[in-house]
């Protein structure tokens, strides 16, 4: 047994259990061994064989594993059952309650030196942090999980790497998030480590950062690869998440009906799996699809449903994202005051270090609302704040568009030179389709 304790530890454990049961060394030894052997074993001077440990465990009334490792019988199994329960709690959207469960599980796993269960608990705490918007804590937990899994093959470390990348993405560090995801994909594919679940998780996760950076060609390619490996994946939650992300690339290509169908697949899978936060995100995305297609009443209904679900789960960053989309629809439907109030609530919940992309989107929309109300000074102020946030995040596509909007505003108010500067800045942020400024795309999967 490779993970048993050292002879001295086992010897002390045997001696303690023998004393607790009131047995002499002779009584423990008979009939297969001698008292001298038990004395030598208890002193830690001999490494007992599996056969000897099984004999002693039987005489002492404990399980073989407990005698060899000190772990109570069925501990690992019980921990895994409790981890499953914590995952169910998180799926319902009760992230704070799930975090308490994961913390207790982590303490037990650490106390009994169970690295697999320890890493799973840390990953769960990281996901709780993402849901509640505590990005710093989430990243810390994912980093800890990576350290625990350091000696494991790359596919086993992928969930921790992906979690760390997503925490950087949600903090507005797009380029670094893409670097982490691309380099992991490259290592997997070049090394021939064709693990469908790991590949699907990474390809599905990199689509969002690609789209925000304006790298639509790479996003479309990642979606294509995700769809190719999905039939081989064993985790239905991963497949559902992939369908939700692929919808973004379909939207960018104007394939609205296909995007809606992809989201419908994801939503149905999340309903079956009872994963509330992801189901809410499907409502958000479908609302976005409807808005792009001009179906504003249906869009408002879908986005309000998403916001209600995300508010109930206290998923702060996801709620902010849905709130910005709902505010856009409300403004387009003539409800600008309600939209502005919703956006101010979003900005009150966020900071440059936490949800920079969502804060930038809120400032951009507040600028549009102010400009429509002919309040050009307020509009300019919001556009400039949004630009500052997007520049730090490296969101090239959004930057270029916002520079154009600011340039148009400045030109209409007679500040031609300032408008030209804004246009030039926007042109400087435009990248060739499909690029991320990070070098070649990762190696393709063997599919």
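The values are calculated or read from the model by the stated rules, or taken from the named source; none is laboratory data. Since this is a predicted model, take the numbers as computed values, not measurements. All Cβ positions, glycine included, derive from the backbone under ideal geometry; neighbour counts span all protein chains shown.
The table that follows gives values for the structure above.
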item: For residue 104: the one exception among (1) at pLDDT 90 or above; (2) surrounded by 16 or more Cβ atoms within 10 Å (Cβ to Cβ); (3) closer than 19 Å to residue 148 by Cβ; result: (2)
item: Index of the failed condition, residue 93 passing every other in (1) surrounded by fewer than 19 Cβ atoms within 10 Å (Cβ to Cβ); (2) over 20 Å from residue 115 (Cα atoms); (3) touching a residue at least 60 places away in the same chain (Cβ under 8 Å); result: (1)
item: Criterion (touching a residue at least 12 places away in the same chain (Cβ under 8 Å) and out of contact with any strand residue (DSSP E or B) (no Cβ under 7 Å at 6 or more places or on another chain)) met by exactly one of 233, 171, 261, 257; result: 233
item: Check on residue 302, more than 15 Å from residue 324 (Cα to Cα) and in contact with a helix residue (DSSP H, G or I) (Cβ under 8 Å, 6 or more places away or on another chain); result: no
item: Residue within segment 356-369 that is at pLDDT below 90, crowded, with 24+ Cβ neighbours inside 10 Å and in a loop (DSSP other than H, G, I, E, B) present; result: no
item: Failed criterion for residue 4 (all others in (1) at pLDDT below 90; (2) surrounded by fewer than 18 Cβ atoms within 10 Å (Cβ to Cβ); (3) touching a helix residue (DSSP H, G or I) at 6+ places or on another chain (Cβ under 6 Å) hold); result: (2)
item: Single residue of segment 152-170 satisfying the filter (surrounded by fewer than 19 Cβ atoms within 10 Å (Cβ to Cβ) and in contact with a helix residue (DSSP H, G or I) (Cβ under 9 Å, 6 or more places away or on another chain)) that is farthest from residue 204 (Cα to Cα); result: 152
item: Residue 214 vs. criteria in contact with a helix residue (DSSP H, G or I) (Cβ under 7 Å, 6 or more places away or on another chain) and not in a helix (DSSP H, G or I); result: yes
item: Residue that is surrounded by 22 or more Cβ atoms within 10 Å (Cβ to Cβ), closer than 23 Å to residue 91 by Cα and modelled with pLDDT of 90 or more, where the choices are 330, 303, 326, 343; result: 303
item: Enumeration of residues in segment 380-404 that are surrounded by fewer than 19 Cβ atoms within 10 Å (Cβ to Cβ) and closer than 10 Å to residue 367 by Cα; result: 381, 384
item: Cross-chain or 6+ apart pairs with Cβ under 6 Å, segment 375-404 first and within 17 Å of residue 421 (Cβ to Cβ), then outside any helix (DSSP H, G or I) and at pLDDT below 85; result: 400/430
item: Tally of residues being touching a residue at least 12 places away in the same chain (Cβ under 8 Å) and surrounded by 15 or more Cβ atoms within 10 Å (Cβ to Cβ) across segment 405-420; result: 6
item: Residue satisfying condition, being farther than 16 Å from residue 159 by Cα and either surrounded by 19 or more Cβ atoms within 10 Å (Cβ to Cβ) or at pLDDT below 85 (or both), within set 199, 250, 188, 238; result: 250
item: Residue count for segment 52-85, restricted to those that are farther than 22 Å from residue 19 by Cα and at pLDDT 80 or above; result: 8
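Residue-by-condition table, conditions (1) without any contact (Cβ under 8 Å) to a residue 60 or more places away in the chain; (2) more than 15 Å from the chain's Cα centre (by Cα); (3) more than 23 Å from residue 248 (Cβ to Cβ):
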{"site": "159", "(1), (2), (3)": "yes, no, no"}
{"site": "194", "(1), (2), (3)": "no, yes, yes"}
{"site": "213", "(1), (2), (3)": "no, yes, no"}
{"site": "219", "(1), (2), (3)": "yes, yes, no"}
